[in-house]
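Just so you know, all these numbers are worked out from the coordinates, no wet-lab data involved. All of these numbers come straight from a predicted model, not from anything done at the bench. Note that we place each Cβ from the backbone using ideal geometry, even for glycine, and neighbour counts take in every protein chain shown.
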Amino acid sequence: MIVCPACHAENPDGTKICVKCGTELPKAAAAGPAKAKAAAEDARKFGAKDAARDVVDVLWVLLILLLIVFGFWMEATHWTGRWSETAKANIVKEPILARVPHHVHHAVRPPAAPVPIGEKPAVEYGDPESFYEKGKIQYDHQHYHESFNYLKQALMIDPTFAKAYFGLGYLYARFEMNDAAVRMYEMALRFDPNHADATNNLGVMYFQAGNYDDALPLFQKAVSLNDHNADYEFYLGSTYLEEGQADDALPPLLKAATLRSGDPQIYYNLAVTYEELGKKPEAVDAMQKVLQYSKDPELIQSAKTHITALTAQS
């Protein structure tokens, strides 16, 4: 309604002259509804745009979620789009790793009968020890994907189960995933600081990387935990040898040779140690044992070269 400024009578919207007194009504009065109508129109337009943007945002969120799910699926299936076994590594039963100066590495296999860390209560959906043992069996049959799944299941039951971390570390090391192997061995030692195999194998990872300073205390600890393991003694002596400490290298290498008398790699490092200590007859004798036990042409040729040089110096 429009109120007349003269007589204050109410007039219908759009009236130009007061129906009571004939006074011309203000033109501005008619502008109010127009502005209100325009504002309402703008509000409708604004709301439609917002709704469209909301729909677009929802579609983007759905697309991102689908991509994430797809990514997890492809990662889990090794980007094949289907569940399949991990490709078997091109390995031999007892691999010989690359040599560094004065040393031929010896691979360390998981213990045939690991020492239990302690009794753990069984849970309703399984015992971590049983899954660990199943993982070992699958590994020995070269079913690496199944082995991995069993070890992960053991950790789902007990995230502090050190032996499962050790098994994963060994599995990663076999496929040369060295960073992952180091992390798993470190996790095993976090929950069981006296796990001798994890201690030794972590040292092996450092040794193979040429980090003898970090490897040495690990091998020392492994030997202190078990002084009847040829691998532990072998790596301890070999690390001393790489550090130029032939006097310290000799005792553990001699013990390793006693514990595993038919290993040519142990005799080779023992011979080099004797050679650096100036004990030529003992060095020649140890190199002869390398020739006796080794089937590696490169190692045999190296032993022959050393024997020739040592004999010529006599």
Once normalised by the length of segment 127-196, the mean sequence separation of its alpha carbon contacts under 8 Å that are 6 or more apart gives a contact order in percent of 26
Ranked packing of 295-302, 242-249, most packed first, by mean Cβ within 10 Å: 242-249, 295-302
Spin-label pair Gln142/Gln245, simplified geometry with 7 Å Cα→Cβ offset, distance in nm: 4.0
Taking the mean number of other Cβ atoms within 10 Å as a proxy for protection, how do you rank 197-207, 275-285 from highest to lowest? 197-207, 275-285
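With the contact rule set at Cα under 8 Å and sequence spacing of 6 or more, what percent relative contact order holds for segment 168-289?
14 percent.
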Using the Karplus equation 6.51 cos²θ - 1.76 cosθ + 1.60 (θ = phi - 60°), what ³J(HN,Hα) coupling, rounded to whole Hz, does each residue of segment 179-195 give in order, writing x for Gly and Pro? 4, 5, 4, 4, 4, 5, 5, 5, 5, 4, 6, 5, 9, 8, x, 9, 6
Simple label model, 7 Å out from Cα along Cβ direction - Ser261 to Thr305, nm: 3.1
Which pairs break 23 Å Cα to Cα here: Lys255/Lys279; Lys255/Lys280; Lys136/Lys289? Lys136/Lys289
Based on the Cβ-Cβ distance from Arg183 to Gln208, what FRET efficiency comes out when R0 is 22 Å, to the nearest 0.05? 0.90
Please give the contour-minus-distance gain from Leu254 to Asn149: 0.36 nm per residue of separation, less the Cα-Cα distance, rounded to one decimal in nm. 33.8 nm
For Cα pairs less than 8 Å apart in space and 6+ apart in sequence, what is the mean separation divided by the residue count of segment 229-298, i.e. the relative contact order in percent? 27
